[in-house]
Amino acid sequence: MSPVHPLDEAATARAVIDENGTLVLWNEGARRLLGYAPEEVEGRPAADLLDPGSGDAEPSRPTGSRWSGTLPLRHRDGHTLPVWLLAHRRETKGEWLLVTPLEGAALRAYDDPLIRAVLTQSPCAMAIYDEQLRLYGINDAMAEVIGLPEARIRGLRLSEVGGKRESEQLEEQLYGVLISGERRDVETYMHTGGEDRPHAWLARIAPLTDADGRVRGVCLAVHDFTEQFKARERLQLVNEASVRIGSTLDVTRTAQELADVCVPALADFVSVDLLDPPEHGGEHHAEPPSTPITLRRAAHRSVNPGSPEAVVTLGALDVYPASSPQADSLVAGRTIVAPDATTTLEEWLAWDERRAERVAKHGIHATMSVPIRARGQTLGVAVLTRFRQPGSFTSDDVLLAEEVTARAAVCIDNARRFSRERENALALQRSLLPQSLPRTAALEAASRYLPAARAGVGGDWFDVIPLSGMRVAMVVGDVVGHGIQASATMGRLRTAVRTLADIDLAPDELLTHLDDLVVRLSEDAGVERTTGEVGATCLYAVYDPVSRRCTFARAGHPAPYIVSPDGAPRQIELPAGPPLGLGGLPFESVEVELRESTVLALYTNGLIESRGRDVDVAHQLLSRALEQSSQSLEWACHAVLQALLPVGGATDDIALLLARTHGLAPSQVATWGIPADPALVAPIRKQVADQLDIWGLSEVTFTAELVVSELVTNAIRYGEPPIRLRLMHDAATLICEVSDGSHTAPHLRRAKTYDEGGRGLLLVAQLTQRWGSRHTGEGKTIWAEMSLVGEV
């Protein structure tokens, strides 16, 4: 235990006794004192050295960390020698160190009365050590600190008087001053006088020189600044709590941060139990809860790895009766300290045998239960426990625990409010997104939506919208911002897109109308429309399975990828277009011909934009992941997210839509040019009937003839050449389309009793599944869909 430096080790008799009472070390000073060589006593019981004829009973085994007293020891030559011994319990192995100064090492007393008066009467604890770092003398204040009289310990070294690792480290500082001749100020935290509770000491060490300037010893003056030290520690802990607690808006993480801050600074084990939020939302009641109280374990932390003191596992519920510290503090609404587990917790531990076993096993002797309250509401309770730290909780500990817990309570409440708002926004978001994608003959689709891990639910959306003529619209959009407001705006825009798509607007025209809507929404919300205010981005595409061409237009949105059946994924070059909400700027469309089974990938920027990752690298990862789309679209969605989703979750919402295109075979489409002659309607009906027979759809011939007759007659009577009739079908639907060069769209109206006309479109509406019109570059098209389910 002694520091390594060239000092006289034989000036002190030193021995070590193990936990079984056997001598394991015997130094040269002990041989000088009792005459035994080390090989004669080491390995033998220490009690053999006591003189059995002295009449004194064998001393009892020490129970503290230090013992001192006089024992009759037997000299090797047979005589009895009374020896004063100082014993220290070593910090490991349960051994005891015994020391005593030799008579030859005792130094002379102070000759000068004034010097002696200064040393002994100074209020500052002082000690003087000679060139061998042997104690030369101490004053009364230092004797009180050490707890031993000067006459007994004069001649011992500091490490022999203290017997602890801290005293050895301080002795090293003494040796450094002795060698260098330079004074030092040292802060140390150590036990003195055999006390169980350590103190903080400021040690001032100065060299003592003679007339020639030679260092002849050192002076040690110590000042107890435990209160200032603890105040500094408390301030540091509060500051640490303000930095570490609340780093995220996650309830469990915040509770764990509270436990981590308090261990080991305040307690050896800390548990944080929270009340579950009300079932139907809302706030906790302001009044204290009634017992028994059901709490959920949110976090715990121990100085021991694995937290073996914990009875409740993380995330589990437990019921606490009125006698428990958790329930008592919550009901009382204040901190409750239980210094003695055998008395104040007796009723609770008798009720809970499992906890009683843990308390006994780990030696838990003090608990402190602190309610977690914020904004007038009780959220839970933190229980601090001590078993390694010897002292009970003080009033300063209570104030500190309440300060740290109050800070954590606000963070937990903020996290809960954020979680509740996020859950509401997520529920709204998912309710506004399509619950399932429609099955169409034009394409098959798969999708994924992932909310942001931390920023909250945003306004990302996707949709697949069946259009007339077996065409399909695909849309992906992203509203700026997060939370319920962004989700609500997303719902408005998705509804608007569906409404605009229903009237068969071209993609660039649809985005123009959508841009006007976003501008109006911004004005209604009081947002000034400037170039810095961007409401949303959007990508809109329409695929025609007959022509196998897809028309794209985008408003500030990432360009889509296409994956040909035998080609590598590539990004389509589209005009970027301005984001929605700027107003007045044009959008452009691009038409692309797609082969059968081409895969389209539409996504929001949250997929490729992640903190700390280059966008080009993200595009490379996306391209490689899309190569797996040949297996299945669902598997491709999984591969894309696995490749691009960052660790810890996405930093922004992610919407992903994959679609595999299909085309209608030429045999499923029939087209006729119609002369503008009403007399030719009957032959046209005959051609339609013949075509339906070829397709095996003769069961719907009657209905189809009536629909064709009405639409063709209206086109000849009210439209303009050229007129064209087109029939197409899949397994479930027969579609009739009549196009002409007029841009005037028909309107359904109810004919009066004596009207000669006006019943044609009403008849079409009654006979078909749905009907409508769309404008084209050459004019308009009137279409009607007839269901084949149950007909063939």
Taking the Cα of ASN424, stepping 7 Å toward and past its beta carbon, and measuring to each backbone N in the range 479-521: which are under 17 Å? 482-491
Treating only the Cβ of Lys, Arg, Asp and Glu as charged (+1, +1, -1, -1), what charge dipole size does the chain show about its Cα centre? Round to the nearest 20 debye. 880
Taking the Cα centre of the range 230-422 as the origin, how large is its charge dipole in debye, to the nearest 20, when only Lys and Arg (+1) and Asp and Glu (-1) carry charge on their Cβ atoms? 520
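If I take R0 = 41 Å and measure r between the Cβ atoms of VAL238 and GLU28 in this structure, what FRET efficiency does the formula 1/(1 + (r/R0)^6) give, to the nearest 0.05?
Details: r = 53 Å, r/R0 = 1.29.
Efficiency for this residue pair is about 0.20.
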Sorted by Cβ density within 10 Å, fewest first, the residues ARG334, ARG89, ARG373: ARG334, ARG89, ARG373
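Just rank ASP524, ASP693, fewest to most, by other beta-carbon atoms within 10 angstrom. Please list the in-between numbers first.
Working: ASP524 8, ASP693 11.
Result, fewest neighbours first: ASP524, ASP693.
Which of the DSSP-defined H helices in the chain satisfy a minimum axial length of 24 Å, computed from C-alpha atoms, and a minimum mean Kyte-Doolittle hydropathy of 0.5? Write down the numbers at each step before the final one.
On the way: long enough: 226-244 (26 Å, -0.92); 395-432 (54 Å, -0.29); 484-502 (27 Å, 0.08); 507-524 (26 Å, -0.24); 701-718 (25 Å, 0.66).
Helices meeting the span and hydropathy rule in the chain are 701-718.
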If each of LEU706 and THR188 carries a label point 7 Å out from its Cα toward its Cβ, how far apart are those two points in nm? 10.8
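Relative to the compact globular guide of 2.2 N^0.38 Å, what is the alpha carbon radius of gyration of the range 113-224, as a ratio? Don't skip to the end; give the middle numbers.
Working: Rg = 13.2 Å, N = 112, 2.2 N^0.38 = 13.2 Å.
Expressed relative to 2.2 N^0.38 Å, the Cα Rg reads 1.00.
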Estimated inter-spin distance, LEU81 and ASP224, nm [label 7 Å along Cα→Cβ]: 3.6
Given points 7 Å out from each Cα along the Cα-Cβ axis, report the ASP140 to THR294 separation in nanometres with one decimal. 6.7
Any chance you could check the Cα centroid distance between the range 434-511 and the range 124-191 for me, in angstrom? 80
In the chain, what is the count of Lys pairs whose alpha carbons are under 26 Å apart, counting only pairs at least 8 residues apart or on separate chains? 4
I need the peptides 218-224, 651-657, 592-598 ranked by packing, meaning the mean over residues of other C-beta atoms within 10 angstrom, with the highest value on top. 651-657, 218-224, 592-598
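Using helices alone, I'd like the mean residue ellipticity at 222 nm for the chain: each DSSP H run of four-plus residues gives -39500 (n - 2.57), total over residue count, nearest 500. Each step should come with its number before you reach the end.
Details: 20 runs with 247 residues, N = 792.
Calculated at 222 nm, the ellipticity per residue is -10000 deg cm²/dmol.
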Using a Förster distance of 25 Å, how high is the FRET efficiency between ARG44 and GLU172, based on the Cβ-Cβ distance and rounded to 0.05? 0.15
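Quick one: CYS736, CYS550, fewest Cβ neighbours within 10 Å first, how do they rank?
On the way: CYS736 25, CYS550 28.
With the sparsest Cβ surroundings first, the list reads CYS736, CYS550.
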Specify which residue in the list GLY458, GLN668, HIS513 is farthest towards the positive end of the charge dipole of the chain, using unit charges on the beta carbon of Lys, Arg (+1) and Asp, Glu (-1), about the Cα centre. GLN668
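Quote the FRET efficiency, to the nearest 0.05, computed for ALA576 versus GLN691 with a Förster distance R0 of 60 Å and r equal to the Cβ-Cβ distance.
Details: r = 45 Å, r/R0 = 0.75.
Once rounded, the FRET efficiency stands at 0.85.
Rg/Rh for the chain to two decimals, with Rh computed the Kirkwood way over all alpha-carbon pairs.
Values: Rg = 44.9 Å, Rh = 35.2 Å.
Radius of gyration relative to Kirkwood radius: 1.27.
Since every read-out is calculated from the coordinates, none of them should be taken as a lab result. The structure displayed is predicted, hence computed values, not measured ones. Cβ coordinates were reconstructed from backbone atoms using ideal geometry, including for glycine residues, and neighbour counts include every protein chain displayed.
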